[in-house]
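The values are calculated or read from the model by the stated rules, or taken from the named source; none is laboratory data. A quick note: this is a predicted structure, and the numbers were derived from the prediction, not measured. Every residue, glycine as well, gets a Cβ built from its backbone with ideal geometry; the counts of neighbours run over all protein chains shown.
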Amino acid sequence: MMTIGEFSRASRLSARALRRFDELGLLRPARVDPYTAYRYYTEDQLERARLVGWLRRLGMPRDRIREVCDRYATDPEAAARAIRAHWARTEADTATRRTLAASLTDLLEGPRTVTTHPYALTAAAHTDPGPNRPTQQDAAVAGPRLLAVADGYGPAGAEAARTAVEALAGPLPERTGDLLNALEDAVAHAGADIAAHRGDSGTTLTAAAWTGARLALAHVGDSRAYRLRDGALLALTRDHTVVQDMIDSGELTPAEAAAHPDRALLLRALDGTVPAAPDLTVHEARPGDRYLLCTDGLSAVVPADDIRRALAARGTPEETVHELTALAHAHGGPDNLAVVVADVTPASPGGEPHPAPGRLP
């Protein structure tokens, strides 16, 4: 037996850390003196102690540390995969925060207030149950300042999706910081409402609010937002799914993920089980930009290059949402879908888009 002091020196962990690991259930002492409450350890616990310490440095949650340590005892390769998956999630979350930090830095270095609206959005939305589904559980909205899609699931999925979209209704702030706060609050309110009234149902939500020069995005789940600029299609959101984590950690290729049996398993959604923190980002707009928000009834069915070509054809937003729906049907259309297409156009002095011909130049 080793005293806690001896074990501390051997493991290079402080006695305070060892006591904390005991309290968290991550590393129990081999023996605790019933009279003095002094902790004793065995030499074969050193490896687990060091592993716990390293995983804590990675910022891994307690339950996942316990899982990795337990797996390591019987299946080191599985433990290694769990560590890679955790770090992939960390890097993905860091990338999302980096994007937000960069956009907010640009915002703070620019003018303090926006006195004009140089651009406007011309948008259209369309929902479709698909040829193989008896009910429609997706929702969408497209307005001059708000775009959103939601993909409901469960017995009350349609109501959950509507709840998420309706939570965004009402006046939107002008300032970007206030707008991000408003989007975050709306997501929280929708999650609480769904938890209280929708039972075991839930929804994804991808929403965009327009400032006149920037697009503020809030995203939870596997619905998506894209931007078409100069013919190139860029994904503005990252799926909160099990298979996306496996792609990020190198366990799956995107092609393998498309056929994976757990491809629809969400890690984040508005279902009331835990407060769903949305990814929040801000994107500077340019005239000619085209945005697409869609549920996985489109993105999981139609190849990205086909989506890009449909957007680049430059039909009106109304024409394009129907073209994308037809593409989903042509690829089998196994699911409901919701599609929103929005174009950035010059604004008139009153802030409204200039009248435009049926097709953009």
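Considering the conditions (1) closer than 28 Å to ASP248 by Cβ; (2) not in a helix (DSSP H, G or I), GLY25 is excluded by exactly one of them, (1). Would you check which residues across segment 41-90 are outside any helix (DSSP H, G or I), within 22 Å of ASP239 (Cβ to Cβ) and either out of contact with any helix residue (DSSP H, G or I) (no Cβ under 8 Å at 6 or more places or on another chain) or assigned by TED's automatic domain parsing to the domain that holds MET246 (or both) and list them? PRO61, the sole residue that qualifies.
Being at pLDDT 90 or above, more than 30 Å from CYS69 (Cβ to Cβ), more than 19 Å from the chain's Cα centre (by Cα) and surrounded by fewer than 18 Cβ atoms within 10 Å (Cβ to Cβ) is true for just one of PRO144, PRO134, PRO173. Which residue is that?
Numbers: PRO134 fails: at pLDDT 90 or above; PRO173 fails: at pLDDT 90 or above.
Every option except PRO144 fails the conditions.
Cβ separations smaller than 6 Å between residues 6+ apart or across chains give the following pairs from segment 75-90 residues that are surrounded by 14 or more Cβ atoms within 10 Å (Cβ to Cβ) to residues that are among the hydrophobic types (A, V, I, L, M, F, W, C) and outside any loop (DSSP other than H, G, I, E, B): ALA79/VAL68; ALA82/VAL68. Of everything listed in (1) assigned to a loop (DSSP other than H, G, I, E, B); (2) in contact (Cβ under 8 Å) with a residue 40 or more places away in the chain; (3) not hydroxyl-bearing (Ser, Thr, Tyr), the single unmet condition for ASP239 is (2).
Of the numbered criteria (1) under 24 Å from the mean Cα position of the chain (by Cα); (2) under 30 Å from THR3 (Cβ atoms), the one ILE83 fails is (2).
Can you tell me which residue among ARG263, ARG227 is in the same structural domain as ASP151 (by TED's automatic domain parsing), out of contact with any Ser or Thr (no Cβ under 6 Å at 6 or more places or on another chain) and assigned to a loop (DSSP other than H, G, I, E, B)? Steps first, please.
On the way: ARG227 fails: assigned to a loop (DSSP other than H, G, I, E, B).
Every option except ARG263 fails the conditions.
Looking only at segment 138-165, how many residues end up being assigned to a helix (DSSP H, G or I) and more than 16 Å from ALA208 (Cβ to Cβ)? Total meeting the criteria: 7. In segment 196-219, is there at least one residue being surrounded by fewer than 17 Cβ atoms within 10 Å (Cβ to Cβ), in a helix (DSSP H, G or I) and at pLDDT below 90? Taking every residue of segment 196-219 in turn, at least one turns out to be surrounded by fewer than 17 Cβ atoms within 10 Å (Cβ to Cβ), in a helix (DSSP H, G or I) and at pLDDT below 90.
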